[in-house]
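The block underneath contains the structure these notes are about, expressed in structure tokens.
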Amino acid sequence: MQTYKLAFLGGAECFIKTLPHDAPAKIMATIKMMSMDMSVVNIRKLGRAIHELKINKYRILFFIDHDTICFVSGFIKKSAKTPVREIRNAETIFKKYINTKTKK
């Protein structure tokens, strides 16, 4: 079983911090569990590299780079489909991340 490092890019961390009551603690606990065992959390693949972590009505978009889970954005689920705007934003951050790593 692989253990992952965690990285917060884009607005994911700000989104989590602005949530009411005990939601930030619950989300962070879920993320820590996810870093140790991906099979214990509810994840859906949205595109080639983008995934969605589902925690009640909250969604956190992320991608995985080798041994690091990079969280890029979050939103509150209000409809059946994930907003295209959120997916495109996550893909843009992913492309910038990969381009930055390639240049090093």
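The values are calculated or read from the model by the stated rules, or taken from the named source; none is laboratory data. As the structure is a prediction and not an experimental result, all values here were calculated from the model. Here Cβ is always computed from backbone atoms with ideal geometry, including for glycine, and neighbour counts include all displayed protein chains.
Evaluating Leu53 against the criteria (1) touching a strand residue (DSSP E or B) at 6+ places or on another chain (Cβ under 6 Å); (2) exposed (fewer than 12 other Cβ atoms within 10 Å of the Cβ) leaves one unmet condition, (2).
Residues that are farther than 18 Å from Pro83 by Cβ and of a type in the set (Gly, Ala, Ser) within region 29-55 comprise Ala29, Ser35, Ser39, listed in sequence order. Scanning region 54-104 for residues that are polar (S, T, N, Q) and in contact (Cβ under 8 Å) with a residue 40 or more places away in the chain gives Thr68, Ser73, Asn89. Restricting to region 1-17, what's the tally of residues that are more than 26 Å from Lys95 (Cβ to Cβ) and modelled with pLDDT of 95 or more? Qualifying residue count for the region: 0. Return yes when Val84 is surrounded by 11 or more Cβ atoms within 10 Å (Cβ to Cβ) and β-branched (Val, Ile, Thr) and no when it is not. Spelling it out, it is not the case that Val84 is surrounded by 11 or more Cβ atoms within 10 Å (Cβ to Cβ) and β-branched (Val, Ile, Thr).
Of all the numbered requirements in (1) within 22 Å of Thr82 (Cα to Cα); (2) surrounded by fewer than 17 Cβ atoms within 10 Å (Cβ to Cβ); (3) free of Cβ contacts under 8 Å to residues at least 40 places away in the same chain; (4) not charged (D, E, K, R), Ala25 misses one, and that requirement is (1).
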